[in-house]
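Data block below; observations after.
Quick note: the coordinates plus some simple rules give every number you see, no bench work behind them. Computed from a prediction, not measured in an experiment: that's the story for all the values here. Cβ sites come from the backbone with ideal geometry, for glycine too, and all protein chains shown count toward neighbours.
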Amino acid sequence: MHIMEGYLPPQWCVFWYLVSAPFIIYGIYILNQQVKENRETLSLLAVSGAFIFLLSSLKLPSPVAGSCSHPTGTGLSTVLFGPIITCVLSLIVLIFQALFMAHGGITTLGANVFSMGIAGPLLGYAVYRLGKAVNLNIFVNIFLVTAVADLFTYIITAIELAAAVPLHGGFLVSFETFFAIYAITQVPLAILEGVLIALVFKYIVQSRADILIKLKVLTPEQVAKIMESFA
Amino acid sequence: MNFKTLRKYKLEIIFAVVVIVFAAVFLIQNSNIQANAKPGQETWQGSDDMGSATIEATGYHPWIQPLWTPPSTEVESLLFSVQSGLGAFVIGYFFGFYRGKRDSAKPA
């Protein structure tokens with residue numbers, strides 16, 4: 001999903017910066033508040049950020065496409081802290097990769113933050129709320145949130161590129177081309193990532209259910225039920 | 001393994017199965033791809049690089065270069081490993097911390 005330095009025309013770089021800026025500014029504000037007022041949730045915030053760091057560094061071969069790509073790792077923090085805080089965490093990772101690995105770029109940062117940190121987590125969060133509303137099993141819900149956030153990130157990248165760099169034949173043809181490159185590759189990785197984060201969530205319930213209750217991810221009754229089901 | 005253990009480690013088992021299927025499909029695909037690859041053809045490239053190559057094929061040239069680019073793929077993979085290491089360190093630190101706290105809270 002990384003659009004490399006210089007691969008977006010300047011006007012599009014500015015456009016995506018402007019789109020992402022309000023989310024980032026609001027995100028930093030919310031993050032500050034979270035850090036100040038809910039200090040006991042800090043450790044899980046660090047763990048959520050660390051999963052973005054870890055998973056977005058793993059370039060995995062995607063068996064269906066014969067190419068490599070990486071998961072986004074944004075699912076866990078989307079569920080625990082919501083999409084707004086997730087966009088700030090993603091921004092940190094993207095800056096790190098842009099500066100040290102020349103992976104992504106500073107001019108394309110706005111577009112990359114939008115796909116990985118904003119659009120993916122926002123749709124993931126919508127899935128999460130919907131899952132909660134229909135009483136979906138929390139582990140299935142987390143699997144779906146993670147996979148959707150991952151996959152949608154790559155679909156947005158395809159849209160960003162198709163809009164900015166139309167190949168011969170216009171937007172739809174370009175979108176199909178980039179969709180084939182990014183999104184098809186991503187399907188198996190999204191599934192793998194979803195299963196991993198669902199498993200990790202089990203460990204979080206077992207070790208810090210108190211924070212999950214505080215974050216309103218689970219109710220005490222749900223925690224008791226989950227603990228019992230894995231006893 | 002009895003039913004209770006299966007239930008307890010349900011998610012671990014699902015994860016292990018998914019990883020094994022993933023790896024198996026990769027191995028099968030890889031042997032197909034290697035058998036059909038022309039000599040010197042690069043396989044399993046990154047989708048990000050394929051995206052960039054597709055853009056360049058239209059005659060587009062990047063208008064700005066990164067400030068710093070890792071001098072080789074070795075150095076680049078080192079930096080990616082540092083990134084994973086940082087993430088894994090923080091995850092391991094806190095899960096270990098939680099575990100230690102829980103264990104020491106139990107009466108001896």
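Descriptive notes on the structure:
- Inter-chain neighbour count for B:23-31: the average number of beta-carbon atoms from partner chains within 10 Å of each residue's beta-carbon is 3.
- Reciprocal mean inverse distance between Cα atoms of region B:65-108 - Kirkwood radius, Å: 13.2 Å
- Packing-based ranking, highest mean first, of B:21-28, A:103-110, A:206-213 given that Cβ atoms within 10 Å are counted: A:103-110, A:206-213, B:21-28
- Above 19 Å, the calculated P(r) of region A:1-115 contains 49 percent of its Cα-Cα pairs.
- Rounded to the nearest 10 degrees, the angle from helix A:42-55 to the longest Cα principal axis of chain A is 40 degrees.
- For chain A: relative contact order, % (alpha-carbon pairs under 8 angstrom, 6 or more apart): 24 percent
- Peptide A:222-231 has a mean shielding of 1, counted as Cβ atoms of other protein chains within 10 Å of each residue's Cβ.
- MRE, 222 nm, helices only [DSSP H, n ≥ 4, -39500 (n - 2.57), over the protein assembly as shown, to nearest 500]: -23500 deg cm²/dmol
- On Cα atoms only, tilt of B:10-36 relative to the major axis of chain B in degrees: 20 degrees
- Peptide B:40-47, shielding by other chains (average Cβ, 10 Å cutoff): 5
- Ordering of B:34-41, B:53-60, A:224-231 by burial proxy (mean other Cβ atoms within 10 Å per residue, highest first): B:53-60, A:224-231, B:34-41
- Shape summary of region A:58-129, radius of gyration then Dmax from alpha carbon positions: 13.0, 36 Å.
- Region A:121-231 - Debye-derived log10 I(q)/I(0), Cα point model, q = 0.18, 0.20 Å⁻¹: -0.88, -1.00
- Extent along principal axes [Cα atoms of chain A; Å; largest to smallest]: 58, 39, 32
- Helix A:10-37 and the long axis of chain A differ in direction by around 20°, with both axes built from C-alpha atoms.
- With coordinates expressed along the principal axes, the C-alpha atoms belonging to region B:6-75 extend over 56, 33, 26 Å, beginning with the largest.
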